[in-house]
Amino acid sequence: MQNQSTNRAGHSDISRRELLIAGTASLAACALPWGAVAETPAEINPSNHTGDTRMNTITTKDGVTLFYKDWGSGTPIVFSHGWPLSSDDWDAQLIFFLNHGYRVIAHDRRGHGRSSQTANGHDMDHYADDLAALTSHLNLKGAVHVGHSTGGGEVVRYIARHGANRVAKAVLISAVPPLMVKTASNPGGLPKEVFDGLQTQVAEHRSQFYLDLPTGPFYGFNRPGAKISQGVIQNWWRQGMMGGAKAHYDGIVAFSQTDFTEDLKKITVPTLVMHGDDDQIVPYADSGPLSAKLVKNGTLKTYKGFPHGMPTTEAATINADLLAFIKG
């Protein structure tokens, strides 16, 4: 495992109270049997990836409609978003890589964004199978898969469950693997009560919670001297409220209690693990460094002072590093 570091201005230590608040925020988020078939068939609406104005969707084997964006041509880069957002969270990356000659693809996870607000299937196996259905019907080959937060777990489970025959490289950004919740084998995780509290807030006052989270720890806007963007906060709220409460409620279990340890060991494609050491949502020490050690061809890149939502607040740095990794 290689280890790299990127610096930003220093930050204050996270108090226990802040950690619990951030953990309650722990967004990362974030069933089919483990040995499910390699690719799930789906029906696809007629369209292409050259600018068709109709809404691109596929319908999964269990009847869920998934919305996706598919722009440009060239090497495909597939982006998997975090909880409780949508493919819109990748705007800065989609435009950047489209302008650099890549084909960019991003979907709204089931229950999120413009996809069906189904009551069922909000677990990592279904997330991975939905991604497999999309990549199969688009006939992607040599794709680079990039996952942020819960999306990082989705990418890991997808490769482990469906194989890497369509995958060239993988990138995990502020991602939830190997395991978020504290257990006997994962003493550095967050207590289960933190995630129980998150479910309570989603169930009782989701709209206010979806303002508080981006205003505070998600983007590090609670740090002294932080440059706060109301547009970023409101866009986070907008994406969250587009999705279904049931999907978000169940997704908390998916991103916090899924153990990706064995999945990570199955990944052999070059994998870049990018994580900020001031991530108040998915704490750095129990995530990025551990994942990079478990994959067979992993590189850890640590960002000093960067927050969980660094693909948005630090897009210039993240995009440049992603481009270098993809070209390399």
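The values are calculated or read from the model by the stated rules, or taken from the named source; none is laboratory data. Computed from a predicted model, the values in this text were never measured in an experiment. Ideal geometry is used to build each Cβ from the backbone, glycine not excepted, and the neighbour counts take in all protein chains shown.
Filtering the stretch 204-259 to residues that are over 26 Å from GLU154 (Cα atoms) and assigned to a loop (DSSP other than H, G, I, E, B) leaves PHE221, ASN222, ARG223, PRO224, GLY225, ALA226, LYS227, ILE228, SER229.
Okay, residues lined up against (1) surrounded by fewer than 20 Cβ atoms within 10 Å (Cβ to Cβ); (2) small (Gly, Ala, Ser); (3) on the phi > 0 side of the Ramachandran plot; (4) assigned to a loop (DSSP other than H, G, I, E, B):
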{"site": "LEU264", "(1), (2), (3), (4)": "no, no, no, no"}
{"site": "VAL273", "(1), (2), (3), (4)": "no, no, no, no"}
{"site": "ASP279", "(1), (2), (3), (4)": "no, no, no, yes"}
{"site": "LYS293", "(1), (2), (3), (4)": "yes, no, no, no"}
{"site": "LEU300", "(1), (2), (3), (4)": "no, no, no, no"}
{"site": "GLY305", "(1), (2), (3), (4)": "yes, yes, yes, yes"}
{"site": "HIS308", "(1), (2), (3), (4)": "no, no, no, yes"}
{"site": "THR317", "(1), (2), (3), (4)": "yes, no, no, no"}
{"site": "ASP321", "(1), (2), (3), (4)": "yes, no, no, no"}
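Can you name every residue in the stretch 303-328 that is small (Gly, Ala, Ser) and under 14 Å from VAL273 (Cα atoms)? Passing the criteria: only ALA324.
Picking from residues in the stretch 67-103 that are buried (at least 24 other Cβ atoms within 10 Å of the Cβ) and among the aliphatic types (A, V, I, L, M), the one that is nearest to LEU322 (Cα to Cα) is ILE77.
Does the stretch 290-302 contain at least one residue that is touching a Phe, Trp or Tyr at 6+ places or on another chain (Cβ under 6 Å) and not aromatic (Phe, Trp, Tyr)? Outline the logic, then answer.
Initial filter on the stretch 290-302 (touching a Phe, Trp or Tyr at 6+ places or on another chain (Cβ under 6 Å)): none.
Scanning the stretch 290-302 turns up no residue that is touching a Phe, Trp or Tyr at 6+ places or on another chain (Cβ under 6 Å) and not aromatic (Phe, Trp, Tyr).
Scanning the stretch 134-170 for residues that are outside any loop (DSSP other than H, G, I, E, B), surrounded by 24 or more Cβ atoms within 10 Å (Cβ to Cβ) and small (Gly, Ala, Ser) yields a count of 5.
A search for C-beta distances below 7 Å between a residue of the stretch 171-188 that is surrounded by fewer than 16 Cβ atoms within 10 Å (Cβ to Cβ) and any residue that is at pLDDT 95 or above and outside any strand (DSSP E or B), counting only pairs 6+ apart in sequence or on different chains, returns THR183/GLY189; GLY188/ALA285; GLY188/ASP286. On the stretch given as the stretch 278-315, residues that are acidic (Asp, Glu) and either farther than 27 Å from PHE97 by Cα or over 17 Å from the mean Cα position of the chain (by Cα) (or both) total 2.
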